[in-house]
1. Once you put a point 7 Å from the Cα of A:Ser480 and another 7 Å from the Cα of B:Ser87, both along the Cβ direction, what distance in nm separates them?
2. R0 = 22 Å: FRET efficiency of A:Leu383 with A:Cys568, Cβ-based, nearest 0.05?
3. I need the per residue convex hull volume for the protein assembly as shown, using only the alpha carbons, in cubic angstrom as a whole number.
4. Filter the trypsin sites (Lys or Arg not before Pro) in the range A:399-486 to those in DSSP coil with at most 15 other Cβ atoms within 10 Å of their Cβ, and list the result.
5. Please label the shape of the range A:437-522 as rounded, prolate or oblate, based on the square roots a ≥ b ≥ c of the eigenvalues of the alpha-carbon gyration tensor (a/c under 1.5 means rounded; beyond that, a/b larger than b/c means prolate, else oblate).
6. Positive end of the charge dipole of the protein assembly as shown (Lys, Arg +1 and Asp, Glu -1 on Cβ, about the Cα centre): tell me which of A:Ser88, A:Ala77, A:Ala108 has its Cα farthest that way.
7. With a Förster radius of 25 Å, plug the Cβ-Cβ distance of A:Trp165 and A:Val131 into 1/(1 + (r/R0)^6) and report the FRET value to the nearest 0.05.
8. Quick check: the angle from helix B:25-34's long axis to the longest principal axis of chain B, C-alpha only, nearest 10 degrees?
Amino acid sequence: MQLRLLAGVLVVALGVHAMVIAWSHPLFSLAGSSVVGLATLLVAGLSLLVAGLVYWTRRAHNAVGPLLLAASGAWFAGEWDNPEMGSSLLFTIGLVLSGAVPALLAWAILCFPRGRLDSLLMKWTIAAGLVVSIGILGVGTVLWFDPATTGCTDCPRNLLLIADWPTFAESWQRAAVTVMGGWAVAAMLLVGSRLLRATPAQRRILGPVSIAGGIYLGLAAASFAVSITRGFLGSGTWDERLWFAEAISMVAIAAAVILDRIRVARMRTSLVDLVLELGRSLQTGGSLRQSLSRLLGDPGLLVAYPLTDGRYADANGQLLSIPPIDGRTLTPLVRDDRTVALLLSKPGMLGSPELVNEVSSAASLVLDHERLLAEVETRTADLTASRVRIVEAGDAERRRLERNLHDGAQQRLIVLLLTVRRARSQLGDLDDASNRRLDEIEHELTCALEELRRVAHGIYPAILADEGLAAALDFLASESNLLVETAPEGRFPPSVEHAAYWVVAEFVRHGRATVSATRRTDGLWIEVSGRLPSGGLIELEDHLVAAGASIRAEGGPGGVRLRANIPCE
Amino acid sequence: MLLREGLARLLTDSGIEVVGTAVDAPMLMELVRQQPPDVALVDIKMPPTHTEEGLVAAQTIRHDYPEVGVLVLSQYLAPEYALRLLSDVPERVGYLLKERVTDVAVLVDALHRICDGECVVDPTIVRRLIQRPRRNDPVSELTDREREVLSLMAEGRSNAAIGRLLYLSGKTVEAHIRQIFVRLGLEPSGDDHRRVLAVLALLRSTGREQS
């Protein structure tokens, strides 16, 4: 904080000082010739100063702020190479820094907004710019340049002067200016290509600063080019125009930087809103997805949570394939080195890692909540699926058993009864004892057949599969103490008919029961009342839940009323 | 299969000519086409799926060969199967529980009655229908005696047979039957036709509101 304050005050002082100097000796300054020039000098420098301070304040460990401040300082210090300067030291510094602004600004632009240069090429370009502009053009030229020889008799002493070789100094400077001209073009292209290669989201952030910066670097290249023929940075008509244009583009850079800070601040506000909103709707799954897709303007955004078994699911327990198959971009939200969620978004929507971090920390509570929700929902879905498989396998097995009983045991019993009766008729008249014995055998066989049919029907009522629920319920009613109040005509999916039938059958097994079943648009509604033993509901639930039913039961041992809605897809 | 062979032997013993036996529906249809019998005796369960092939085959025969009667053997007590068979063409058809075949007299009687153009429904099924608890159903309006008459009608008995079985005069039986027709709301038309409709009303009365 104090460092920033100090730097700020220093640069402001520098600016005021530079103005005074420029004003008092307009011949040596592009700004000093008019009030407009002075104002331009001040506004351009101060806007960079303000942008730098704002950025530095918001992001203390980011190089962009200090670099903008440095550029602002160099901009003002460039006015020190003025005869009015008085101090030889400051005069010399002015000479050295007079060409340093483009390199410093290029650095700030290329490392915006993260404060780091992304590629080696950028690092080398910036290093080259600093070395050439400060080292070769600044210090290098100053070594052989005595202002007195060039006609500035009242200029302060050049502290770095080694030898007064005006011709050599001029050639040297021309070479350095030429190199800087080329460098500025290269830096401009680098800024442009960085912008073009960025994702749409990154482009929204980089755009304003990069465009203003590119224009500035282009203007800098032009003013270096204008100076090549002359060999030094001078103050001709073109120089003046270019200088004004550069100053305006500097103001644009500063404005772009400040605008970006405002954008981030607004995003923070929406993130705060997001957190508040999420806090309110913590109960329902999928709320983060909705809020984020609204915030980021991507309606198809998905939030995938890693499950403990390595799969991924959304907050509703819907399994998602990772990596995404539809070309969505995958952005991990990481906290404490652990991936808490994956964002699946339109390519480029989440280009800014800064935004991802903000989301990750803003929604940390909800992320945890929804991840656990996803875990629970997925497990529940797994369980339901396995319950469905078990019930289906059970039904198939029952059906197979029922067929086997009819095709095997029943046939044999009938043939046996047939054989007994034929034998009896062939034996002719028998004594009473034999007749009684044969009567007993026939009676037992008939009872066995009856028993077998009852067992087979209990195992699997063929009429349910053949004729449907209404017929099966009617048949059940004819067999037992069941009152069918209403039963829907027509057929339902087998799983629905089975579930409904088993529920009624289970009630009937324990005594009197009443059933009323109706078809509605949302599937089959069935209401059964009767008695169930304690825990009797659980077995029913297996069948009902396997068919996707929702159940409501009321009552107790005295009588249970169960209402279930079984959806038909 | 054992039962098929046993039945063929039993019927031959009882003086009924067995013109052929078939193992599945296509073979049955081929047999009926080549030498149409008086009655086809069909098991409701046939290969390959053992569900309803027999019932479907029976309906096809009734439809394509009206002069051929069909007696369906079933292991199901449910009347819906019988109803499906009877609603189509309610004559020359019968529906018996499978174990009934062990009672030669019943089986032969049923075959003869079907030959004569009657309908035969297994007495066990009819009894269950009559006893079934029901609501909003004209059958429940009948007196006990009328119900007895109706159930015998449903089994396919003639007026004379009903009178004999219930120890009633022919006139009394006729009076009961007329009363049944009235209570079931059957318009006067051919008596035979109304008899069948009365039986169908019984089979259809399933104790529930039609929704």
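Derivation of every value follows stated rules applied to the coordinates shown; laboratory data play no part. If you're wondering where the values come from, they're calculated on a predicted model, not measured in any experiment. FYI the Cβ positions are ideal-geometry reconstructions off the backbone, even for glycines, and counts take in every protein chain you see.
1. Going by the 7 Å Cα→Cβ label model, 2.6 nm.
2. Working: r = 22 Å, r/R0 = 1.02.
For A:Leu383 and A:Cys568, the calculated efficiency is 0.45.
3. Numbers: hull volume 203.0 nm³, N = 780.
Considering the Cα atoms of the protein assembly as shown, their hull volume per residue is 260 Å³.
4. Working: sites: A:Arg399, A:Arg400, A:Arg403, A:Arg412, A:Arg421, A:Arg422, A:Arg424, A:Arg436, A:Arg437, A:Arg453, A:Arg454; in loops: none.
Passing both the DSSP loop test and the Cβ count: no residue.
5. Details: a/c = 3.08, a/b = 2.21, b/c = 1.40.
It is prolate, given that a/c is not under 1.5 and a/b is the larger ratio.
6. Among A:Ser88, A:Ala77, A:Ala108, the one farthest towards the positive end of the dipole of the protein assembly as shown is A:Ser88.
7. Working: r = 22 Å, r/R0 = 0.87.
Computed FRET efficiency for A:Trp165 and A:Val131 comes out at 0.70.
8. The angle comes out at about 90 degrees.
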